[in-house]
Structures are given as structure tokens and as C-alpha cells.
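One structure below.
The values are calculated or read from the model by the stated rules, or taken from the named source; none is laboratory data. Since the model is a prediction, treat every value here as computed from it, not as a measurement. So basically every Cβ, Gly included, is an ideal-geometry build from the backbone, and we count neighbours across all protein chains shown. Areas reflect the complete protein model, heavy atoms only, side chains present, ligands, DNA and RNA absent. Shrake-Rupley method; radii C 1.70, N 1.55, O 1.52, S 1.80 Å.
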Amino acid sequence: MSRASSKIRLFLISVISFLLIQVLALFSGQTILEKVTTRNNQAMTLPWYTFIIYFAIGTLLIIVFIKFFKRGHFFKFLFGFMLWWGTMKFTGLFLSWEVSIALSVAGVYLYFKYQKIWLHNILLVMPIIMAGCILGFNFQPRDLMIALLILAIYDYIAVIKIKSMIKMFTSLAEKKTIMALIITDSWQNLNYRLKDLKIYLVNPDRRYSFLGTGDLAIPIIFSISVLTRYGLWGGYYVALGATAGLALCNYVLLKYNRPLPGLPFIGLGCVLGYLVYNLSILF
């Protein structure tokens with residue numbers, strides 16, 4: 001496969017995967033809403049700064065853990081617990097609790113035993129979706145727009161200026177905790193083992209790229225917030241806008257081959273999708 005063909009395939013697979021995950025999150029959020037008595041009982045409202053506080057605490061805890069836990073066992077435990085929780089909660093939306101618990105335990109066991117990229121991606125998607133749904137139910141879209149602006153500025157500084165986000169990702173990857181989906185340029189490469197994957201944020205051959213958990217979770221939170229208060233079509237508009245933002249980010253990434261902050265592109269897409277939806281219901 002030529003390098004140009006590999007770039008195109010990587011671009012398309014990344015964008016399509018992102019969109020499918022956003023749609024799956026909306027379907028999951030709609031399923032959760034249908035399980036509650038009324039939509040209004042589910043839709044709570046927290047102030048925008050609460051979201052920033054959650055994000056800051058989570059980031060600070062990761063930094064502290066990286067500093068004080070040099071070995072990877074602690075991070076493997078936390079990562080395994082996250083995968084177990086997410087798999088159990090997600091499958092519990094559609095299956096009995098007995099089956100969902102069995103699947104979650106089996107999934108985590110197989111993950112640590114075989115370390116396949118495709119299994120890593122499948123298991124990681126589920127806690128991202130469930131966390132995104134939980135947070136999305138509790139914030140208003142207008143408050144999330146404020147939070148998105150702050151996080152986009154932080155993402156730019158952390159990736160481009162001080163490169164703390166890159167150092168954090170690399171440190172976790174060295175401890176065998178890859179907090180991102182791994183996008184390969186062919187479906188066959190998904191069967192590789194994680195230990196055989198060399199972690200480079202800038203990959204000269206462009207055989208793989210990463211979809212960070214934040215880049216996936218933030219638009220899910222926004223689209224679920226819109227879904228909860230405006231309905232499914234509003235969530236679709238946000239998901240499409242976020243996908244367009246990711247496509248633009250990936251185009252720039254493939255062109256210049258350097259780490260880029262995803263949130264400024266994705267966040268802008270979320271906001272534009274939300275605004276377009278509001279305009280569509282006015283006319």
C-alpha cells in the first residue's frame with residue numbers, strides 16, 4: 001500500500017469510526033432516557049464551572065498517579081476497572097445484569113491476556129459512552145459551550161505550547177495504559193497486539209493514529225445534553241458537526257504530520273452543529 005493510499009484510508013477510517021461512536025452514544029443515551037419515568041426527571045442542571053472542576057480534578061489525579069506510581073501495575077488495575085465498569089453498564093442497557101457482568105469480566109480477562117488492538121478499542125468505547133451520557137444528562141448545552149471554550153484553550157496550550165498532554169499520554173502508554181482508540185490503516189492491523197505497537201504521536205509512515213478519550217467524550221457529552229433537552233435530531237446535528245471538526249483536524253494532521261489539539265476543531269464543530277439545529281427549528 002502506498003503512503004498516499006495509507007493516509008487516505010487512515011483519514012476515512014478515523015472519521016467514520018468517530019461518527020459511528022457518536023451515533024452509538026446517542027442511541028445509548030436515548031435508551032437510558034426511555035428507561036426513566038419522564039425526561040424532565042432525568043435532565044438535571046449543574047453550573048458550567050462544575051464541568052471544569054471535574055476535568056481539573058481528573059487531570060490532577062492522573063498527574064499525581066504518574067508521579068508517585070512508577071510501575072504499571074496500579075494503572076493496569078485502574079484501566080481494567082474502568083473497562084469492566086463501562087462494559088457492564090453499557091451491555092446492561094440491552095442485556096440482563098447477569099449476562100452483562102459475565103461479559104464485562106470475560107472482556108477484561110481476554111484484554112489483558114491477548115492485548116489485541118480491536119479488543120482494546122471495543123472495550124474502551126463503552127466507558128467513554130457511559131461517562132459521556134452520565135455527564136451529558138447533567139449539563140445544559142449553553143453551559144457546555146462555555147466549558148468547551150475553556151477546554152479548547154487549555155488543549156491548545158497543553159499540546160502546542162507546554163506539551164504536557166503529550167507527556168501525559170506518553171507516560172501512560174509506557175505503563176501499558178493507552179487512553180485512546182487506536183486507528184489503523186487496515187482492518188487486518190487491528191489484530192496486532194498492543195505490546196507490538198510502537199507509540200509515536202507523530203508517525204512518519206502514518207500507519208496508525210489515535211482518537212483520544214477526551215476527543216470522543218466531549219462531543220458525546222454535548223450531544224447527549226442536546227438530546228436530553230431537544231430530542232434525537234438535535235443530538236445528530238451536534239454529532240455531525242463534531243465529525244466535521246474531527247475531519248478538519250485530521251486533514252491538518254495528515255498534511256503537517258505533527259501533534260494537534262483536537263478539541264478546538266471538535267468543539268467548534270459541536271457548537272456550530274448546535275446552532276444550525278436551533279436555526280433549523282426556527283424556520
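If I filter the range 224-283 down to residues being open to solvent by 30 Å² or more (accessible area, probe 1.4 Å) and in a loop (DSSP other than H, G, I, E, B), which single residue comes out as nearest to residue 26 (Cα to Cα)?
283
Report the residue count in the range 90-139 for those that are in a helix (DSSP H, G or I), among the charged types (D, E, K, R) and within 23 Å of residue 210 (Cα to Cα).
Total satisfying the criteria: 1.
Within the range 51-89, which residues are buried (at least 16 other Cβ atoms within 10 Å of the Cβ) and part of a loop (DSSP other than H, G, I, E, B)?
None; the set is empty.
Is at least one residue of the range 215-232 closer than 25 Å to residue 168 by Cβ, of a type in the set (Ser, Thr, Tyr) and out of contact with any Ser or Thr (no Cβ under 6 Å at 6 or more places or on another chain)?
no
Could you please let me know if residue 143 is of a type in the set (Asp, Glu), assigned to a helix (DSSP H, G or I), under 28 Å from residue 27 (Cβ atoms) and open to solvent by 20 Å² or more (accessible area, probe 1.4 Å)?
Taking the combined requirement at face value, the residue satisfies it.
Please go through the range 147-162 and give me each residue that is under 15 Å from residue 258 (Cα atoms) and touching a residue at least 24 places away in the same chain (Cβ under 8 Å), ordered by number.
Matches in the range 147-162: 155, 156, 158, 159, 160.
Looking at the range 31-46, is at least one residue at pLDDT 85 or above and basic (Lys, Arg)?
Checked the range 31-46: no residue is at pLDDT 85 or above and basic (Lys, Arg).
Identify, by number, the condition in (1) touching a Phe, Trp or Tyr at 6+ places or on another chain (Cβ under 7 Å); (2) more than 27 Å from residue 149 (Cβ to Cβ); (3) not in a helix (DSSP H, G or I) that residue 190 doesn't meet.
That leaves (3) as the condition not met.
Filter the range 146-169 down to residues that are open to solvent by 50 Å² or more (accessible area, probe 1.4 Å) and in a helix (DSSP H, G or I), then give me how many there are.
Count: 10.
Which pairs do you get when a residue that is at positive phi, found in the range 169-186, comes within reach of a residue that is of a type outside the set (Val, Ile, Thr), reach meaning Cβ atoms under 8 angstrom, with the pair 6+ apart or on two chains?
176/72; 176/75; 176/76; 176/194; 176/195
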